[in-house]
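The values are calculated or read from the model by the stated rules, or taken from the named source; none is laboratory data. Nothing here was measured: the structure is a model prediction, and the numbers come from that model. Methodologically, a virtual Cβ is constructed for each residue, glycine included, from the backbone with ideal geometry; neighbour enumeration extends over all protein chains shown.
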Amino acid sequence: MPQRISTARGREFGEGVRAAINASGMTARRVAELAGWQEAKLSDFVNGKIGCTKTELAVLLGICRTPVEERDRLLNLLPETHVQGWWRQHGSCAPARLRTLIQNVESAKTLTTWNPHGLPAFLQSVDYVRAVIVASPNVPDVEMDRRVKAVKELQELLFGRGLQCTFFLHEHALQLPVGSHEVHVGQVHHLLLMAVRRNVTIRILPTVVGAHAGMSGAFTRLTFPAYEPLVFLEHQSSTLIEEKKAAVEAYQEVVHSLDRASLDAEQSKTALRRLGERLSAADFSGPARLLPGALAGGVSFTGNHRL
């Protein structure tokens, strides 16, 4: 199937209008009649085949009794649905539920992430999620449960529909003791459970590799059955979607380089098992820790030395 000319903004706009029509309690035919449109025109509009004026959209959303906040969001998106790339500023921190990421993961064919410092939300245990939130100075405590729920929703998208996922993790991200020792142990065991799923591949980049292609930071690359691929980047107070061909291809080159430098899937599972065993066997004198770059070899030592 040929790939359609589409953008993340355009798809989110179409999903928003479709949701507004569904929420109205009326059929698409009835909404079209009230707006003075043919039903075929409404279908083409929702599917991004034709456009409309801002006034026409306002009337359509008024007929659907769309809430003011959502109405204004869609009206603001209308003139930008054709624009590739999307930088969004969120204030002091990103929202709990990243609507754009969720919608794109829902329709993706493959998902590839790289994380040099921590674990991606897709792979985090609930206790790890909570520890990350507690450590953030910009996330209010009252948002804890809402953010945990949002991460669970994101994780559920990985299963049951054929999405192929590859997670590149730096060894440092696995050694980092996020939360208590028990949380660390539980997180490694959670990774092992994820690694045996048929659609999930975990690849570990050992510290001994040194300088590597992913030093610029974390990213998530998505490919689709009918759309061009994109790259999603999340920062402290903003998110960025890269859709321009040159930018997306540059991230794919990073993926190729990480693929060459990382342990393969079976080696990575072995490294995770060894790490889990050492963490589980730790006594009260201090957790067993791995020397930098020794994860694949399983070399460990005990004490409070700095890495």
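Take the residues in region 47-99 that are within 25 Å of the chain's Cα centre (by Cα) and among the β-branched types (Val, Ile, Thr); name whichever of them is nearest to Leu240 (Cα to Cα). First the steps, then the outcome.
First, pick out the residues of region 47-99 that are within 25 Å of the chain's Cα centre (by Cα): 47-48, 69-70, 73-74, 76-78, 80-99.
Right, trim to among the β-branched types (Val, Ile, Thr) and you get 81, 83.
Numbers: Thr81: 16, Val83: 13 Å.
If we take residues in region 47-99 being within 25 Å of the chain's Cα centre (by Cα) and among the β-branched types (Val, Ile, Thr), then Val83 is nearest to Leu240 (Cα to Cα).
Of all residues being outside any strand (DSSP E or B) and either surrounded by fewer than 19 Cβ atoms within 10 Å (Cβ to Cβ) or not assigned by TED's automatic domain parsing to the domain that holds Glu266 (or both) in region 196-206, which is nearest to the chain's Cα centre (by Cα)? Just the residue, please.
For region 196-206, the residue satisfying everything is Asn199.
Can you name the helices (runs of 4 or more DSSP H) wholly within region 11-119 that have at least 3 residues being more than 19 Å from Ser238 (Cβ to Cβ)? Give the derivation first.
Values: elements: 28-35, 39-46, 54-63, 68-77, 99-106.
Correct list: 28-35, 39-46, 54-63, 68-77.
For region 233-259, the set of residues classified as outside any helix (DSSP H, G or I), of a type outside the set (Ser, Thr, Tyr) and within 11 Å of Phe219 (Cα to Cα) consists of Leu233, Glu234, His235, Leu240, Ile241, Glu242, listed by residue number. Of Leu157, Leu163, Leu193, all but one fail to be hydrophobic (A, V, I, L, M, F, W, C) and free of Cβ contacts under 8 Å to residues at least 24 places away in the same chain; the exception is Leu193.
Among the residues of region 145-181, those that are touching a Phe, Trp or Tyr at 6+ places or on another chain (Cβ under 7 Å) and in a helix (DSSP H, G or I) comprise Leu154, Gln155.
Does Glu153 satisfy the criteria of being of a type in the set (D, E, K, R), within 20 Å of Thr220 (Cα to Cα) and either outside the structural domain of Gly91 (by TED's automatic domain parsing) or in contact with a helix residue (DSSP H, G or I) (Cβ under 8 Å, 6 or more places away or on another chain) (or both)? So Glu153 passes the test. Contact annotation: no residue pair with Cβ atoms under 9 Å, 6 or more positions apart or on different chains, pairs a residue in region 265-280 that is at positive phi with a partner that is surrounded by 18 or more Cβ atoms within 10 Å (Cβ to Cβ).
Which one is nearest to Arg9 (Cα to Cα) among residues in region 35-54 that are exposed (fewer than 15 other Cβ atoms within 10 Å of the Cβ) and of a type in the set (A, V, I, L, M, F, W, C)? It comes out as Ile50.
Test of understanding: among Ala246, Ala213, Ala218, which residue is more than 18 Å from Leu158 (Cα to Cα), assigned by TED's automatic domain parsing to the domain that holds Gly276 and touching a helix residue (DSSP H, G or I) at 6+ places or on another chain (Cβ under 7 Å)? Let's see the steps before the verdict.
Numbers: Ala246 fails: touching a helix residue (DSSP H, G or I) at 6+ places or on another chain (Cβ under 7 Å); Ala218 fails: touching a helix residue (DSSP H, G or I) at 6+ places or on another chain (Cβ under 7 Å).
After applying the criteria, what remains is Ala213.
Of all residues assigned to region 118-127, none qualifies as being surrounded by 13 or more Cβ atoms within 10 Å (Cβ to Cβ), hydroxyl-bearing (Ser, Thr, Tyr), more than 23 Å from Thr270 (Cα to Cα) and assigned by TED's automatic domain parsing to the domain that holds Gln236.
All conditions in (1) of a type in the set (Ser, Thr, Tyr); (2) part of a helix (DSSP H, G or I); (3) touching a strand residue (DSSP E or B) at 6+ places or on another chain (Cβ under 9 Å) hold for Tyr128, with the sole exception of (3). Can you confirm whether Phe159 is out of contact with any Asp or Glu (no Cβ under 9 Å at 6 or more places or on another chain), of a type in the set (Phe, Trp, Tyr) and either crowded, with 16+ Cβ neighbours inside 10 Å or assigned by TED's automatic domain parsing to the domain that holds Leu119 (or both)? Against the criterion (out of contact with any Asp or Glu (no Cβ under 9 Å at 6 or more places or on another chain), of a type in the set (Phe, Trp, Tyr) and either crowded, with 16+ Cβ neighbours inside 10 Å or assigned by TED's automatic domain parsing to the domain that holds Leu119 (or both)), Phe159 qualifies. Candidates Val185, Val254, Val248, Val231: the one that is crowded, with 16+ Cβ neighbours inside 10 Å, under 26 Å from Gln89 (Cα atoms) and out of contact with any Phe, Trp or Tyr (no Cβ under 9 Å at 6 or more places or on another chain) is Val248.
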